[in-house]
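As structure tokens, the structure follows; a few thoughts come after it.
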Amino acid sequence: MATPVASDKLPEPLDSSRTMVVNLRKELQEGQATLRATYEANSNASAMLRGRARLVDKVLRKLWRHFALPSPLALAAVGGYGRGELYPASDVDILLLLPDGTDGSHDANIEQTIGMLWDIGLDVGHSVRSISECVEEAGRDITVQTSLLEARLIEGSRKTFTEFSATLRAHLEPQAFFKAKRLEQEERYARHNDTPFSLEPNCKESPGGQRDLQIIRWVCRAAGQGASWRELANNGLITPAEAGQLKRVETFLQHVRIRLHYLANRREDKLIFDHQEGLAKALGIERNNAKRASELLMQRYFRNAKHITQLNTILLQNLEERISPGIRAAPIFINEHFQMDREMLDVRNEDVFEKHPDAILGSFLLLQQHSELKGMTARTLRALWRARHCIDAKFRRDPANRALFLSLFQQKRGLVHELRRMNQYDILGRYLPAFGKIVGQMQHDLFHVYTVDQHILQVVRNIRRYTMPEFAHEYPLCSRLIADFERHWLLYVAALFHDIAKGRGGDHFKLGVVDARRFCKQHGISSEDTDLVTFLVEHHLTLSSIAQKQDLADAEVIRRFAAVVKTERRLIALYLLTVADIRGTSPKVWNAWKGKLLEDLYAITRRLLSGSTPQQALGLAGRQEEARGILRFHGLRPGIEEVLWEQLDTVYFMRHAAEEIAWHTRVLYHRPVAAEPVVKARVSQIGEGLQVMVYVLDQPELFARLCGAFSRLGYSIADAKIHTTRHGYALDSFMLLDSGHQLPYRDMAALLENDLVERLIKRPPLEAPPSKGRVSRQVRHFPITPEISIRPDEKNQYYIMSVMAADRPGLLYSIALILSRHGVDLHTAKIATLGERVEDTFLISGTELAKTATLVRLEQELLEALHI
């Protein structure tokens, strides 16, 4: 009779397993508490990571032996655990390795083992595969292949594990692996907008994070070039100094990630605002007279990230040269200082920058002028980094260097890439000391997501994209305008200086004008072009502010703005810079509605500057004719609109586009006197948002009722036009946005129409505003003091109410309720949301506004409602 294998043994008694769970959970908890206490005492990150890996090893071995798993099986650690590094809250990734041809008789024991891992408190990521399955999966998925590359035997059959390792190695193609990992890094960089300088970076995944170091280890291990920084130096891939630097930057990130896990009491790899101050304290960083501890921490983090991306570039390039097959062609001569080597710009002598400092800027210019060059060789980058201190006051005064720098902006290609490369290697900040001061500088507001320097480079990038045919579909008007704009490179200069004075105190746009004017004078830019650049720097917020906060149907608003810009060339330039600036703050800030407001203000002002009267610029007559043309297109006979239009005043036609007027008319021409409310909703013509029209005999609390209904359905109001007809009907128009993306707008239109009609007929009591609820973490860390301003307009006909506060659900409804209680009528509402901050402007009227006592009481109630 055959001897039974271990998998045929009966399971251990239930009580024994329960005791094992209790004991191992206790051992794990006590061991992790000891590791934390030891780390807090000596701050040895490497010892803590290795210690947790050894602790988990010990626990897993006990479990393995407890269940007496079959002898041919092997238990292996993979991923970071396989490297012998386990962060306080990291998953434990394991592989249960089976010899090929194993049957399923051991499945019950394996399931029990895996279940107990969770019972004792381990977050486990596990896989059960045979050797051939591992190889097959690794061939399909580069992530699996990478994880298995770091496999380490914990317990079980060494023979099986050795066979697995040898088979995996035999199927590993270093060159293919290298290419796959580089593509993976490029995709990861793209997900993080190709910058480490996010205000809340992920210390593991963002560019300049741990993944950049890990990819070096992975590809070097796959190529047999070493597994430690010292081995890479010994193999000539990096210098001993770079190996030491890699060790330092790696240790810093280890401390950051360990502390983050302890602060959050969970796996947390993102340096969110909530943790930045606590993390700085944990790392022993204290505030100084100028900056908070969190700012100093983040500047240190960004410097660290910059070093990592530099070394990542150099090392991967060196490795690619070493593992790529084929005969290396002789370098191609470019000029006395440079040559092309394997499609890369290469210095002919490594001391060229020290001997010829002008070659520093010249190297970036060559990259722009030679499209066949894909970058710089590793030794060129090293030489550039060593020579950055050659850029001093004398260098900056040299007319030849000034001409070279300005020439970078005038090239047809490559500006953004080279500015980023210059910033990466501290060249840009050395040449422009004002720019150097804002490198890595945090922005404590509720809408920027990048440091100041990265925001500036994003704006330059956005303007550059206007000139590229492949991006013309993004913003067609901007692409058309810049195509006819002479010396459009001036916009790049303005973008470079528009926020360069942030963080100095005072108005950054005024201080930036001084810097920009000095730069233009030093670099020989004409007085006419200097005036354009300084105008753009000084007024880069003006067009956005007016478009989002003021009434574009008011001829006086347009006249004042036209008086500021003065010329069409200035207007076009300001429009182009404004669109690029808003898009460069955060992907969440820009939307199609903001784009329409900017475009409307631009178009109206351009007509005025072209010689039209203010009324002509607003296009009243043309708008009516265009609306009539749309009605004819839809088959409505001439004159059918007159009955309705007789009840509408000039203000209505000034505030609505021709297409909106035609839409309202098509719905209402046959029922100018409606017995029941008329509500229509449609997807906005700009492709984003829901347009809603409400036509009802005017009633008290109407605006508050509508705001409450929109809020209840999860919509925010981007724009409101409130109009009362001559015969007493409210004709109100709203632009609604759904930040939560609940359902497609088209699907919600009918639901919204039915809901509003029912509410307007029944007029139920107004609901209490929603509770202020949980404050977002951005608002918690960058609180906004609410502001209210109510002042009469120039004609003393209406009052203009300006509101600034932190955004939250139901905010506008709360404001509407208070206005309703005080008998205040609303005529227009301009809703501007910048990230988590709202800056709303309302045109209002009411008898209480003329009385000081009631006006003060109204302002007090509003401030109380706005406070978080």
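The values are calculated or read from the model by the stated rules, or taken from the named source; none is laboratory data. For clarity, every value in this text was computed on a predicted model and none was experimentally measured. All Cβ positions, even for glycine, are placed from backbone atoms using ideal geometry, and neighbour counts span all protein chains on display. Surface areas here come from the heavy atoms of the whole protein model, side chains and all, with no ligands, DNA or RNA. Shrake-Rupley method; radii C 1.70, N 1.55, O 1.52, S 1.80 Å.
When the pairs Lys281/Lys588; Lys412/Lys521; Lys58/Lys159 are compared against a 28 Å limit on Cα-Cα distance, Lys281/Lys588 fall above it. Under 1.5 on a/c is rounded, so check that first for the stretch 543-603, then, if it is not, pick prolate when a/b is larger than b/c and oblate when it is not; a ≥ b ≥ c are the square roots of the alpha carbon gyration tensor eigenvalues. It comes out oblate by the Cα gyration axes.
Given +1 at the Cβ of Lys and Arg, -1 at the Cβ of Asp and Glu and no other charges, the dipole of the stretch 632-706 around its Cα centre is 280 debye to the nearest 20.
Peptides 502-514, 414-426, ordered by how many other C-beta atoms sit within 10 Å of their residues on average, highest first, read 414-426, 502-514. Global dimensions of the stretch 504-637 from alpha-carbon coordinates: Rg and Dmax equal 18.0, 66 Å.
For the stretch 244-391, the per residue solvent-accessible surface stands at 44 Å², with DNA, RNA and ligands left out and a 1.4 Å probe. Annotation for Arg682 and Glu470: the two label points, set 7 Å from Cα along the Cα-Cβ direction, are 3.7 nm apart. Pairwise Cα distances in the stretch 39-116 exceed 16 Å for 56 percent of all pairs. Other residues with beta-carbon under 14 Å from the beta-carbon of Leu552 carry, at +1 per Lys or Arg and -1 per Asp or Glu, a net charge of +4. The equivalent ellipsoid of the stretch 331-482 has semi-axes of 28, 21, 14 Å, largest first, where each one is the square root of 5 times an eigenvalue of the Cα gyration tensor. For Cα extents along the principal axes in Å, the candidate list reads (1) 102, 78, 58; (2) 86, 73, 50; (3) 99, 76, 54; the entry that matches the value derived from this model is (1). Under a 5 Å amide H cut-off, with hydrogens placed 1.01 Å from N, Ile154 pairs with Leu75, Ala76, Ala77 among residues at least 5 apart or on other chains.
Cα-Cα over 27 Å: which of Lys270/Lys374; Lys62/Lys247; Lys306/Lys437; Lys510/Lys566? Table pairs above 27 Å Cα-Cα are Lys270/Lys374; Lys62/Lys247.
Taking packing as the residue-averaged number of other Cβ atoms within 10 angstrom, the listed peptides 335-343, 845-853 run from highest to lowest as 335-343, 845-853. Relative protection proxy for 196-205, 755-764, from highest mean packing down: 196-205, 755-764 (other beta-carbon atoms within 10 angstrom). Ignoring lysines fewer than eight residues from Lys394 along the same chain, the ones with Cα atoms less than 16 angstrom from its Cα are Lys355.
Just want to confirm a number: the relative contact order over the chain, from Cα pairs under 8 angstrom separated by 6+ residues, in percent. If you can, show how the numbers build up before the last one.
Values: 1214 pairs, mean separation 56.2, N = 868.
Once normalised by length, the contact order is 6 percent.
Once the stretch 136-265 is represented by equal point scatterers at the alpha-carbon sites, with solvent omitted, what log10 I(q)/I(0) does the Debye formula produce at q = 0.19 Å⁻¹? The calculated log intensity ratios at q = 0.19 Å⁻¹ are -1.23. With a/c under 1.5 counting as rounded, go ahead and sort the stretch 300-415 into rounded, prolate or oblate using the C-alpha gyration tensor (a ≥ b ≥ c being the square roots of the eigenvalues; past the cut-off, prolate if a/b is larger than b/c, else oblate). Because a/c hits 1.5 or more and a/b fails to exceed b/c, the stretch 300-415 counts as oblate. Here Lys762 is the anchor, and the aspartates and glutamates within straight C-alpha reach of less than 16 Å, apart from those fewer than 8 places off in the same chain, are Glu676, Asp698, Glu701, Glu753. Counting only lysines at least 8 places from Lys594 when in the same chain, those with an alpha carbon closer than 22 Å to its own are Lys549, Lys721, Lys830. Per-atom-type breakdown for the chain gives carbon and sulfur 51% of the accessible area (1.4 Å probe, protein chains only). Under the rule a/c < 1.5 gives rounded, and otherwise a/b versus b/c splits prolate from oblate, where does the stretch 468-536 land using the Cα gyration tensor? Oblate, because a/c is 1.5 or more while a/b does not exceed b/c. Centroid-to-centroid, using Cα positions, the stretch 790-817 and the stretch 254-325 are 43 Å apart.
Treating r as the C-beta distance of Thr38 and Gln112 and R0 as 30 Å, the FRET efficiency rounds to 0.35.
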